[in-house]
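Scroll down for the structure; my scribbles are underneath it.
The values are calculated or read from the model by the stated rules, or taken from the named source; none is laboratory data. This is a predicted model, so every value here is computed, not measured. Glycine also receives a Cβ, built like all others from the backbone with ideal geometry; neighbour counts cover every protein chain displayed. In case anyone asks, the SASA skips ligands and DNA or RNA and just uses the protein heavy atoms, side chains included. Shrake-Rupley method; radii C 1.70, N 1.55, O 1.52, S 1.80 Å.
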Amino acid sequence: MQFMLAIYEDDAVYDHGTDDTAWQDIIEAHRKLGEEMAKAGIIRGGEGLQRAVTATTVRSRGGQQTIHDGAYAETKEQLGGFYVIEVDSLDEAIGWAKKIPLAGEGAVEIRPILGPMED
Amino acid sequence: MDAAAQAIEATWRTHRFALVSALAARFRDLDLAEEALADAVAAAGEAWKDAVPERPEAWLYRTAQRKCLDRLRRHATANRKAEAVSLDRELHADPGADALPEARLGLFFHCAHPALAPGAQTALMLYHVAGLSTARIARAFLTHEATIQQRLKRARDKLKANAVSFEPPRCEDWPARLPPILSAVEIVYDQSYGDIGGGVEAEALGRDALQLAWTLASLLPQEAEVLALNAMLQLCESRRPARTRADGRLIPLSRQDPHHWDRKSLARAAKFMSAAADTLATSVLPAGAYTIRARIHATHGASIASGRPMHAELVDLHDALMAVAPSPVMAINRALALADRDGPRAGIAALEAVEADRDLSGFAPWHLARAELHQRLGEHGPARLHLTAARQLVPGTLERAFIGEKIALLEG
């Protein structure tokens, strides 16, 4: 079955831009993990996202839709990227989630993906 | 009760957990396993009227597997139907399919999966492993049956949505996966032991917890921490007859009469202690909190029974425990051990240090410890202050009465 591994980090650690070693190290670590996942034959997708300050939110409330500057939730840690993997159980997904590199503190949320709609 | 009903009851009592585990593992669905087993038991009521089968548990297993398949075939999704067809073929082709496989350890790990909250882990374990009714679990945790049913359903739904395995994890994952099982068993026991006025019901829950721990030890006879948990619980259980006076009021451990401690539990505890010591070298999990806590309980007991103070040993054990499993309760106990060795002032200083670390003003054990030490120094004012604070924080009427009595003694 498929799981999404959603990565939450305080993206202030990348404040120094893409020339900074913190940025280069994390990109390299993700590249290596992607290779390991490909080798295990489990990777189905995934992307890194641009900084949370680039986010725009469309909010629907009481039939009204409004557009907001910024991410959906104003929290210290923001969604920064995700992997989609196909493994047999949560325990395997946890094993892969533990391997996801983080520049500082953060969290990886594991969510089972809805299968194809059945009749 | 007729012969069929008696046989069903006996088989249920002995094999229910093994049957549910095997069915859940085979069909990878705990709900389905429980439902199909209930179907099979209902069918046995009719089928066993003329003669009880030679191996009743095998009969139940075979029948429950067919009931699982019936339910799967009726299941709406195409996937599950296809699965039923292939399992059906397997069941027909495999003549050993009614031999009950050993899958109990996997269900322990499944129910105490770390992806679940502790409350959900204990509820699942009591319901599926110990076989308690939702009504009894609700009474044990002082909540409504509907709440427990909802908690069980939500937990099972989550485990199913995440395809959580029914197989025991690999040994290298045990350090993360075994402790939640042990603490779930301990929570069940605490719930029983903490409810002093709970009577027969609380005592029965205590036995259920001991049985859970015992079953786990029979499945993991090489794990020191599992054996140590058993030793610790048996030591607690041995104090049960000695800890209340005839009028139901509480007697603290230090003032209990060792002659009232239950001998059978003490003997079991001793056996588990030595088995735990023997397996230390070969355990997957290293000696940890339960090994040390069992030693603390045993040392306390030995100290009281022999009349020989063992203050230094107890401080060392508490220091070791703080190193592997620091918690406010352990820190308070360590402060009390320190007070025994170095005097009440040292204990109070240690308690203040604990409080400086985190706010414990809403924590009854902290106030009780403070009160105890001030009382030893003859400082009745501060003692009364902390006892009054504690009385407002404890949940049980007996515990409140016990504290009230202490306050009255101070004033008298």
>> Once neighbouring chains are kept in place and the probe is 1.4 Å, which whole percent of the accessible area of chain A is contributed by carbon and sulfur?
In response: 52
>> In whole Å, what are the extents of the range B:130-226 along the principal axes defined by its C-alpha atoms, from largest to smallest?
In response: 42, 34, 18
> What longest range of chain A stays clear of loop-exposed GluC sites (Glu not before Pro) (DSSP non-H/G/I/E/B, at most 13 other C-beta within 10 angstrom)?
Replying inline: A:1-73
> At a probe radius of 1.4 Å, what is the per-residue accessible area of B:ASP190, in Å² to the nearest 10?
Replying inline: 80
> What relative contact order, as a whole-number percentage, does chain B give when Cα pairs under 8 Å and 6 or more residues apart are counted?
Replying inline: 10
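What does the structure give for B:312-322 when I average, per residue, the other chain Cβ atoms found within 10 Å of the residue Cβ?
0
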>> Helix-only estimate, please: 222 nm mean residue ellipticity of chain A, summing -39500 (n - 2.57) across DSSP H runs of length 4 or more and dividing by its residues, to the nearest 500.
In response: -8500 deg cm²/dmol
> Where Rh denotes the Kirkwood radius from the mean inverse Cα pair distance, what is Rg over Rh for chain A?
Replying inline: 1.02
> Which angle from 0 to 90°, rounded to the nearest 10, does the C-alpha axis of helix B:311-324 make with the longest principal axis of chain B?
Replying inline: 50
>> Given a 1.4 angstrom probe, what's the average accessible area per residue across the range A:43-119, in square angstrom?
In response: 71
>> Taking only the Cα atoms of chain B, how large is their convex hull per residue, in Å³?
In response: 173
>> Which one, B:HIS300, B:ALA267, B:LEU60, projects farthest toward the positive side of the charge dipole computed for chain B from Cβ point charges (K/R +1, D/E -1)?
In response: B:LEU60
> What list of whole percents do you get for P(r) of the protein assembly as shown, with Cα-Cα distances grouped in 10 Å bins up to the one holding the largest distance?
Replying inline: 3, 14, 21, 22, 19, 14, 7, 1, 0
> Over the heavy atoms of B:ARG249, what accessible area does a 1.4 Å probe trace out, to the nearest 10 Å²?
Replying inline: 90
> Looking only at GluC sites (Glu not before Pro) in DSSP loops with at most 12 other Cβ atoms within 10 Å, what is the longest site-free stretch of chain B?
Replying inline: B:103-412
>> Nearest 500 deg cm²/dmol is fine: what mean residue ellipticity at 222 nm does chain B get from its DSSP H runs of n ≥ 4 alone, each adding -39,500 (n - 2.57), divided by its residue count?
In response: -23500 deg cm²/dmol
>> My understanding is that a pair violates if its Cα-Cα distance is over 19 Å; which of A:LYS39/A:LYS98; A:LYS32/A:LYS98; B:LYS67/B:LYS158 do that in this structure?
In response: B:LYS67/B:LYS158
> Of all the accessible heavy-atom surface of the range B:30-129, with the other protein chains kept in place and a 1.4 Å probe, what percent is carbon and sulfur?
Replying inline: 52
>> Suppose accessible area is computed on protein heavy atoms with a 1.4 Å probe; arrange A:ARG111, B:ARG268, B:ARG263, B:ARG293 from highest to lowest.
In response: B:ARG263, A:ARG111, B:ARG268, B:ARG293
> Where does helix B:78-93 land angle-wise versus the long Cα axis of chain B, in degrees 0 to 90, nearest 10?
Replying inline: 80
>> How much accessible area per residue does the range B:108-207 have, counting only protein heavy atoms and a probe of 1.4 Å, in square angstrom?
In response: 43
>> On a straight-distance basis, which aspartates and glutamates could pair with B:LYS153 in a cross-link, Cα separation under 15 angstrom, same-chain partners fewer than 8 positions away excluded?
In response: B:ASP29, B:ASP31, B:GLU34, B:GLU35, B:GLU145
> Put B:THR134, B:THR143 in order of accessible area, largest first, 1.4 Å probe: what do you get?
Replying inline: B:THR143, B:THR134
> So how exposed is B:TRP48, as accessible area in Å² (1.4 Å probe, rounded to 10)?
Replying inline: 0
> So what's the angle, to the nearest 10 degrees on a 0 to 90 scale, between helix B:224-239 and the longest Cα principal axis of chain B?
Replying inline: 60
> How big is the A-B contact in terms of buried accessible area, both chains counted, 1.4 Å probe, rounded to the nearest 100 Å²?
Replying inline: 800
> Roughly how many Å is it from the Cα centre of the range B:126-181 to that of the range B:312-382, as a whole number?
Replying inline: 35
> When only the heavy atoms of the protein chains count and the probe is 1.4 Å, how do B:SER86, B:SER283 rank by accessible area, highest first?
Replying inline: B:SER86, B:SER283
> Got a number for carbon plus sulfur as a percent of the range B:298-368's accessible area, 1.4 Å probe?
Replying inline: 56
> How far is it, in nm, from the label point at A:TRP23 to the one at B:ALA349 when both lie 7 Å from their Cα along the line to the Cβ?
Replying inline: 5.4
